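Report on the following structure.
The values are calculated or read from the model by the stated rules, or taken from the named source; none is laboratory data. What you see is a predicted model; the values in this text were computed from it and never measured. So basically every Cβ, Gly included, is an ideal-geometry build from the backbone, and we count neighbours across all protein chains shown.
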């Protein structure tokens, strides 16, 4: 009889429950990406403000900062930032509409198979568009950064 | 606990949405600054300094700083608040995120002022 | 360990992997496997009751109506919150079916979970019509009837179909970390009463305008994905939020009260 780990008293899924978004469909995946890109962008923003402030130390300081970031890894990282920024913004706009009750359908009299009207194709399309825009922005960024 | 809240959660969330939308516009302008000149020269020292001397661009940069800091640190506050529910944790999160936000805005503003003066 | 009944050679069989836990006893949590015969129409609940009847009567499960009406038999089936009576084995398409207790609810024993916090969150949102009708004076007692058109009823009807099965709270990522969050069930019920033209309460929205209230919903939509009755709690929560943001105006026309003459 193989013993398994007993869950904590409250049996809360906790942070581990956030780790597998695909079991609940696209809306859960977009929630997961929105959080991930948000935290990532905040960390990037703090680093960006700190690093770009080397400009006040003169031209030499600025150019040695550029040597650090204008590298292949620096460019690849920036492409990730572009993708994260585009997804977070586009999905954020979709979320602002849904939080205002727009694009979700109206309450009615549900009948079998009880498809929820809030998880409709408008929402799913919004998520897919955000992902596609993000990929397009990353592609465009790649062309610009590695294009020369 | 509820009595000494300065802002209701609904007001904080309205700020979160407004700063988010506004940030999209100003960040878009900031990114465009690298695309309207030849890309290789868009990060040259002289060009960047000339940007800092332009008062409109300075206002854009300051707006980005404030809007993104408020939106970002409020976001991290929300994520962290969901992880534990006791008074000490919540107070600590509120203090740390607000302090970090103010510190980042102050540091960035210093950069802008100094670069503008160069 | 597979426990089975020795006859029925020609029947289709499935392996049921059931989570077992009894904190009162020294043995730790583990999974027991049971081989169960099934037909095209056999539900997971039928399979579990077969196990209780013929193989191991100590498996603890909660069930009642067997027709997705009472909300008692909620559990995680193959990792997804479902009602056991409403899930056919044939629709699952795996040879082993894993039955676990609902997550985000404390486990009492095996597949039975504690719903106290769930019901407390529901009570906190004042789930009853608050109205100033039924004025009683010394000399007369008036009785009122409310008039609601079908359009008025449609505004809240689907949310009233909630059977309190708890699947939505089990799926919600916020409930998974935040014990003070009311959960999609309570928030959807808050909207159900808010949208009801018979309800005259003015402070419903303030109950959840809190750090751990409605604002910790981020429209992950998992609640609506798992709801077996089409309540769509995510819709209710976003509609409620639009009132709290001031996007939708709170100008509900209250239901007309028609006095009923009860003099015989």
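Figures for the structure shown
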{"read-out": "Identity of the residue in the stretch C:50-72, within 26 Å of residue A:111 (Cα to Cα) and without any contact (Cβ under 8 Å) to a residue 40 or more places away in the chain, that ends up surrounded by the fewest Cβ atoms within 10 Å (Cβ to Cβ)", "value": "C:67"}
{"read-out": "Any hit, the stretch C:241-262, residues being under 16 Å from the mean Cα position of the chain (by Cα), facing chain A (nearest Cβ under 9 Å) and surrounded by fewer than 22 Cβ atoms within 10 Å (Cβ to Cβ)", "value": "no"}
{"read-out": "Conditions (1) outside any helix (DSSP H, G or I); (2) at the interface with chain A (Cβ under 10 Å from one of its Cβ atoms): number failed by residue C:181", "value": "(2)"}
{"read-out": "Any hit, the stretch C:192-211, residues being under 13 Å from the mean Cα position of the chain (by Cα) and either assigned to a helix (DSSP H, G or I) or more than 24 Å from residue A:8 (Cα to Cα) (or both)", "value": "no"}
{"read-out": "Spans of helices (runs of 4 or more DSSP H) in the stretch A:16-134 with at least 1 residues buried (at least 19 other Cβ atoms within 10 Å of the Cβ) and within 14 Å of chain C (Cβ to nearest Cβ)", "value": "A:26-52, A:72-99"}
{"read-out": "Hits in the stretch C:194-210 - residues which are closer than 14 Å to residue C:241 by Cα and crowded, with 20+ Cβ neighbours inside 10 Å", "value": "C:194, C:195, C:208"}
{"read-out": "Test: residue C:197 is more than 9 Å from chain A (Cβ to nearest Cβ), modelled with pLDDT of 90 or more and in contact with a helix residue (DSSP H, G or I) (Cβ under 8 Å, 6 or more places away or on another chain)", "value": "yes"}
